[in-house]
Amino acid sequence: MFDVVMPLFNKEQFVRASIQSVLDQTFRDWRLHVIDDGSTDRGADEVARFQDPRIALIRQANQGVGPARNAGIGAGTA
């Protein structure tokens, strides 16, 4: 199992392509943790449109990229 951590803050226009890039990899045993760090755009809605059980959306109040990354790491597999 491989964990991918993707912080997200107001990048609605890029998040679908970023997730699609993960989906397009040949290695299939992964889990993607997208951490919405208090976005005010519809980026989290774009994430939720993906119907892949390996993609998890975590929402938190804006704390910055470091804490968002740490939240994703904490959600990962040990």
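The values are calculated or read from the model by the stated rules, or taken from the named source; none is laboratory data. These figures come from a predicted structure and were not determined experimentally. Cβ placement follows ideal geometry from the backbone for every residue including glycine, while neighbour counts extend to all protein chains displayed. To get the accessible areas, we keep the full protein, side chains included, count just its heavy atoms, and leave off ligands, DNA and RNA. Shrake-Rupley method; radii C 1.70, N 1.55, O 1.52, S 1.80 Å.
Odds and ends about this structure:
- Heavy-atom accessible surface of the chain: percent carbon and sulfur, 1.4 Å: 53
- For the chain: accessible area per residue (Å², 1.4 Å): 60
- Förster-model FRET efficiency, 22 Å R0, R49 and R69, C-beta, rounded to 0.05: 0.40
- Label reach from A61 (point 7 Å along Cα→C-beta): in segment 4-35, amide nitrogens under 19 Å belong to 8-10, 35.
- Ellipticity at 222 nm from helices only: DSSP H runs of n ≥ 4 in the chain, each -39500 (n - 2.57), divided by the residue count, give -11000 deg cm²/dmol.
- Distance between modelled label sites at T77 and R16, nm, 7 Å Cα→Cβ extension: 2.9
- Note on Q25 and D3: their simple-model spin labels are 1.4 nm apart, each label 7 Å out from Cα toward Cβ.
- 5 Å binning of all Cα-Cα separations within the chain, expressed as whole percents from 0 upward: 3, 17, 30, 26, 18, 6, 1
- Under the criterion of Cα pairs below 8 Å and six or more residues apart, the relative contact order for segment 11-78 equals 37 percent.
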